[in-house]
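In what follows, a single structure is set out as structure tokens and then discussed.
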Amino acid sequence: MIASYLKTSARNLRRNKLFSFINVLGLAISMSVGLLLIAFVLDLRSYDRFHQHGQRIYRITNVLTTSHEQSRLRSGDKFATTSIKTGKLIRQKVTGIEEVTIMRNDFSQDARIGDRILPIKGLWAEPSLFRIFTFPMLEGNPNTALKHPYSIVLTQTTAKKLFGNQSALGKVIRFDTLDYQVTGVMKDVPFFSHLRFEALVSLATAGQLNKNNDNFEKWTSMSSNYVYLLLPENADIASIQSQLDALAKEENRVEANTQIQLELLPLYKIVVGESLRRSEGGPGSVGPHMPTVVLWILGGLALVVILSACFNYTNLSMARAMRRFKEVGLRKAIGADRSQVWQQFLVEAILISLVALLLSCFFFLALRPQLISLAPEMQRTVKLELTPSMIIAFIVFSVTVGIIAGLMPALFFARVSAIHALRNSSSVKLFNYVILRRALVVIQYTFTLIFITTTAIGYVQYKNILTFDLGFNTANILNIHMQGNKPDALLKELSQMPEVTALSRSLITTSVGNAWGGFIKYKDSRDSALVMTNHVDENYLSLHEYKLLAGGNFRTRPTTADGIREIIVNQQVLKRFNIAANDPRKAIGEVITFSNPQGLRRPMTIVGVIKDFHYGKVDNLIGPVVFLFWTPQDPAIINARIQSKDLLATRARIESVWKKIDRVHPFRAKFYDEEIEEAYSEYSAMIKIIGFLSLLAISIASMGLFGMVVFTTETRLKEISIRKVMGASAGSLIYLLSRGFLLQLSIATLIALPVTYLFFENVVLTHFPYHTPVQMAELFVGLLAVLLIAFMLIGSQTMKAAKRNPAKVLQSE
């Protein structure tokens, strides 16, 4: 029976080549999107599955509640990081836990082996890490390798880079002025691991290096620290959580303004799950992360495109109903029951879907590198390589699409009476199905218009973000990361280049998502607020053209952090503490107390007030910001303003100078405007994805419209010929055939445009306090494109029919 179904289906596909082509191509295009999404999700679901005890591993997350007004840390913010003290207290006081490990992710130094230097990035870790995670050791004892200070475990690739084919075990590596002994070599970290490192350094070493830092193991010092737990089989999660709550309650008693709640996060929800933060304000996870809502959005968009192709199949199948009624009637007359009829049409739809799968696989292979290259983070997150499980998922997906596409036509034909079908197919009641077909067209074009309009609005908003007035100048400024080098030598070389017109030094690059914070107090010692900071030199303000409202630049040039006594603030600082009644001139000379996690705490005199500017991204409200003086103890970024007709050539010259100063580290420099563009790369990637889906949606909808127009033209060919004989013009014929489609497009427009406008104004753009209003042109650009394509399709087929000789068409009448 199945063979009969397949043979009949193949015969029907050959007989209706145009409609089969439209269905196969439409399904293939839409299914390629589904294949990409399936591959993407399967890759994300592969993370950390290689750990033997993965289902029992949890990470501790912090939920922070702060009483600081206007703080960039909102109450209820969740952090992936926690404190070292948290890990030690859990180990001492919480029962029902099999193992605890603490790690830090801020190890980044240059390894020196004789005359060779190699940058190494890794984690500070404890021996218990190897008892929780499955990282096989090739050399050394995992139980003792990270026990003592100044011990280091290398990955296989890192060991080979440093020591070649020699055994690394027992060798000595110098970092800065200290010698570290290699106590182990482990297998390379798998690609699908959220923990990524080149080396593991004993956490005891970090304790030795920070023994004079009182903040290192403080309860609220969450920066860069992670705590993981291994729970026993059938662990009582509720009991452990209640113990964590009690532990946090006890520690929070001594904190006046900050309260921390501890929560358990399963290992498998780290990469795909809720977005978390670090205390510095950056992304929370140590490795890749994808919010669940993004997957739901992408899945919804892909589903819309796939349903659009399924609608095409349904519409074309039901439009051709008259031609297949006799086939159905004959089948029922010779004994076929209703189930056999709908099985035949369902098999036909599945067969078309499987044929489309073969074509969609070629589309998948062509689109895969394009998707991976959309954003730099994407290349570090997924591979999208074909695996046996992925191929099985593709086949299951294809069969599912076939069932969805063929279900409605199958049920429709199964209900046809054999007597009515054989005697007079026009007697079959089609009215309800005509309404259904028209409704499907309206739905299809509604989503198509939403796609196109969303792309247009999103692109305009994205461009406005890139050109937004940040409050300072970024044009032709090259930011060069010194990567641990002292900036003096490079500054001297750059100052001799005629293309470099100004130079300055800073700790970070602002307005691209970087953050460095501290707390300030004014007259009330109980009232403090978090402020964002940057350490800059005396040339920074003039180079970036910040607007000074009162006062001036730094008057002293301290060489150590202990000597800093001056501070430059923005207007928001004055408003937050009502300093000098918010008068910038009167605020000069006022004293505030500044403190930061690095141990700096002292009174500072306000020497300048600058106009508010965007320290963070433009989706953040402007908050309090202060500038401190840059000292040689700080990491450095050189800001070079370049005046040249060929900026890339000048950048290449600077790179050649860099290689003379540092032959180890690659040249890390980007123009400010490039960094801003990269800071919003996720928006660019999303717009590209939605734009691509818009193109697919309009292509699929146009193919469906083309098939419907061809069918309508063929079925009304005699009517067109009679009207032409009676004197009808080509324009009137086009109107006759297009008015039904235009009515459906009008209904889709009345639904799509208001929905898109309200969605952006009330949902999307509420997250961007400085956005520009949606313009009418952005709303109607998609409609004009759809109307133009519709007129071209309808007009071409109508003109083709109108040019046919009426005598030949009507000679059979």
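The values are calculated or read from the model by the stated rules, or taken from the named source; none is laboratory data. Keep in mind that this is a model prediction, so the values were computed, not measured. Methodologically, a virtual Cβ is constructed for each residue, glycine included, from the backbone with ideal geometry; neighbour enumeration extends over all protein chains shown.
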Item checked: Test: residue in region 55-62 that is modelled with pLDDT of 90 or more, in contact with an Asp or Glu (Cβ under 9 Å, 6 or more places away or on another chain), hydrophobic (A, V, I, L, M, F, W, C) and within 18 Å of GLY273 (Cβ to Cβ) -> yes
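Condition check ((1) within 21 Å of the chain's Cα centre (by Cα); (2) in a helix (DSSP H, G or I); (3) modelled with pLDDT of 85 or more) across all residues:
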site: ILE260; (1), (2), (3): no, no, yes
site: GLY281; (1), (2), (3): yes, no, no
site: GLY287; (1), (2), (3): yes, no, no
site: TRP296; (1), (2), (3): yes, yes, no
site: LEU301; (1), (2), (3): yes, yes, no
site: CYS310; (1), (2), (3): no, yes, no
site: MET318; (1), (2), (3): no, yes, no
Checklist line | Residues (surrounded by 13 or more Cβ atoms within 10 Å (Cβ to Cβ) and of a type in the set (Val, Ile, Thr)) located in region 749-771 | finding: THR749, ILE751, VAL755, THR756, VAL764
Notebook entry, point to check: Restricting attention to region 769-783, does a residue exist that is among the aromatic types (Phe, Trp, Tyr) and under 24 Å from the mean Cα position of the chain (by Cα)?
Noted result: yes
Notebook entry, point to check: Does at least one position in region 519-536 carry a residue that is of a type in the set (S, T, N, Q) and more than 30 Å from GLU678 (Cα to Cα)?
Noted result: yes
Check: Which residue pairs have Cβ atoms under 6 Å apart, sit 6 or more places apart or on different chains, and have a first residue in region 105-127 that is touching a residue at least 12 places away in the same chain (Cβ under 8 Å) and assigned by TED's automatic domain parsing to the domain that holds HIS148 and a second that is among the polar types (S, T, N, Q) and in a strand (DSSP E or B)?
Finding: LYS121/SER108; LEU123/ASN105; GLU126/THR101
Note to self: Residue under question is GLU566, and the condition is that it be touching a helix residue (DSSP H, G or I) at 6+ places or on another chain (Cβ under 8 Å), charged (D, E, K, R) and surrounded by 16 or more Cβ atoms within 10 Å (Cβ to Cβ); does it hold?
What the structure shows: no
Margin query: I'd like to check something: does region 741-748 contain any residue that is surrounded by fewer than 16 Cβ atoms within 10 Å (Cβ to Cβ), aromatic (Phe, Trp, Tyr) and at pLDDT 75 or above?
Written below: no
Check: Going through region 489-531 one residue at a time, which ones are under 27 Å from MET604 (Cα atoms) and of a type in the set (Asp, Glu)?
Finding: ASP524, ASP527
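Mind checking which helices (runs of 4 or more DSSP H) fall wholly inside region 374-446 and carry at least 1 residues that are modelled with pLDDT of 65 or more?
Filter on region 374-446 gives 376-379, 388-414.
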Check: With SER71, SER4, SER83 as the choices, which residue is buried (at least 18 other Cβ atoms within 10 Å of the Cβ) and at pLDDT below 90?
Finding: SER71
Next item on the list: Out of ILE579, ILE568, report the one residue that is among the β-branched types (Val, Ile, Thr) and more than 36 Å from the chain's Cα centre (by Cα).
Entry: ILE579
Note to self: For region 169-184, check the following and say yes or no: at least one residue is within 27 Å of LYS93 (Cα to Cα), in contact with a helix residue (DSSP H, G or I) (Cβ under 8 Å, 6 or more places away or on another chain) and either not in a strand (DSSP E or B) or not assigned by TED's automatic domain parsing to the domain that holds LEU384 (or both).
What the structure shows: no
Note to self: Against the condition basic (Lys, Arg), within 30 Å of GLU217 (Cα to Cα) and surrounded by 13 or more Cβ atoms within 10 Å (Cβ to Cβ), how does ARG601 come out, does it pass?
What the structure shows: no
Item checked: Scope region 775-801; condition under 17 Å from SER694 (Cβ atoms) and among the hydrophobic types (A, V, I, L, M, F, W, C); matching residues -> ALA777, LEU779, PHE780, VAL781, LEU783, LEU784, ALA785, VAL786, LEU787, LEU788, ILE789, ALA790
